[in-house]
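Working notes, beginning with the structure itself.
The values are calculated or read from the model by the stated rules, or taken from the named source; none is laboratory data. Just so it is clear, the model here is predicted, and its values are computed rather than measured. Glycine gets a Cβ as well: all are built from the backbone with ideal geometry, and neighbour counts include every protein chain shown.
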């Protein structure tokens, strides 16, 4: 059996990244491991076992170049409009709401938000294949 357990992002500023993911998505620190050259912080949501691993390389001062290979993380919410308004109210600048269709067939409704390190997060209305 295969089970996905986490996805890792390299971040420049640990406090700023944790503040964003805590305020934006309610993630909490599950574990923090400090090594000589780097720190790993595991963030988890209250309702799921999947974790987001933040890697902080000690002494790094330049932002990471995300390149053209990174896509995005995605999560579902019960009320997309309320979540969009909440994030905007926090000053986190969510993108525009998008009704995504394949021809006339609805696929999903979502918006993107960008974390302090430039990573894109897709926030999707719960339902259909995103239930």
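Overview of results
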{"read-out": "Index of the failed condition, residue 71 passing every other in (1) touching a strand residue (DSSP E or B) at 6+ places or on another chain (Cβ under 8 Å); (2) surrounded by fewer than 16 Cβ atoms within 10 Å (Cβ to Cβ); (3) modelled with pLDDT of 95 or more", "value": "(3)"}
{"read-out": "From the options 27, 66, residue that is outside the structural domain of residue 122 (by TED's automatic domain parsing), surrounded by 11 or more Cβ atoms within 10 Å (Cβ to Cβ) and in contact with a strand residue (DSSP E or B) (Cβ under 6 Å, 6 or more places away or on another chain)", "value": "27"}
{"read-out": "Any chance residue 51 is touching a strand residue (DSSP E or B) at 6+ places or on another chain (Cβ under 6 Å), outside the structural domain of residue 2 (by TED's automatic domain parsing) and surrounded by 16 or more Cβ atoms within 10 Å (Cβ to Cβ)", "value": "no"}
{"read-out": "Boolean, residue 113 is touching a residue at least 24 places away in the same chain (Cβ under 8 Å) and not assigned by TED's automatic domain parsing to the domain that holds residue 21", "value": "yes"}
